[in-house]
Amino acid sequence: MARYRTYKNGITGHRYKGYYIIRGESKGKFYILNDNKEIIQDNIYDYDDCEWFIDKITCSSVEIKLITMLYKKEIYQLSSLLVDLIQEKERHNLAPDKEKLYYWVDKIRRRKAEEREF
């Protein structure tokens, strides 16, 4: 879980990829603000879903295609790919494009295991 703090612009929350994740008034609700304190998305019931929403709006069109392709795979396929990437990472450092693939495979595999939607 994220550590919340008060930033110089007066927003109290957690900064993630240029956006702020703020706890809502009622328990268990979150919303996302941009730098101008404008609400981008509200009534999100899980912190991980806030990060997922921000990930989707900040990634490139190539990454969106990659995420969509990975999300269509079964969990066992993602697990196999993740194991391959972990083994490659242990042998030597991953290239930047493989590092991004590792990040997305890990994140999508966890979401699919929890049966969360795209």
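Only loop residues by DSSP count here, and only those with at most 14 other Cβ atoms within 10 Å; note down the trypsin sites (Lys or Arg not before Pro) in segment 51-118 that meet that. Passing sites in segment 51-118 are 116. Placing +1 on the Cβ of every Lys and Arg and -1 on the Cβ of every Asp and Glu, with no other charges, gives the chain a dipole of roughly 260 debye about its Cα centre. Think of it as helices only: each DSSP H run of n ≥ 4 in the chain is worth -39500 (n - 2.57), and spread over all residues that comes to -16500 deg cm²/dmol at 222 nm. Partner lysines whose Cα lies under 22 Å from the Cα of residue 37, excluding those fewer than 8 positions away in the same chain, are identified as 8, 17, 27, 29, 56. Each of 59, 96, 82 was placed along the dipole of segment 59-113 (beta-carbon charges, centred on the mean Cα), and the one lying farthest toward the positive end is 59. At full extension, residue 116 and residue 17 could sit 33.5 nm farther apart than now, given 0.36 nm per residue minus the alpha carbon distance.
Cross-link partners for residue 89 among the lysines, with Cα-Cα distance under 16 Å and sequence neighbours closer than 8 places in the same chain left out: 98, 100. Sites listed here are GluC sites (Glu not before Pro) in segment 60-118 whose DSSP assignment is loop and whose Cβ has at most 13 other Cβ atoms within 10 Å: 74, 114, 115, 117. Restricting the GluC sites (Glu not before Pro) of segment 5-60 to loop positions (DSSP other than H, G, I, E, B) with no more than 13 neighbouring Cβ atoms within 10 Å leaves 25, 38.
Helix 96-113 axis versus longest C-alpha principal axis of the chain: approximately 70°, rounded to the nearest ten. For the chain, the longest principal axis of the Cα atoms and the long axis of helix 61-72 meet at an angle of about 70 degrees. Compared with the direct C-alpha span, the chain from residue 25 to residue 38 gains 3.1 nm at full extension, assuming 0.36 nm per residue.
Read the figures in this text as sums done on the coordinates, not as results from a lab. In this text, all values refer to a predicted model and were calculated from it rather than measured experimentally. Cβ sites come from the backbone with ideal geometry, for glycine too, and all protein chains shown count toward neighbours.
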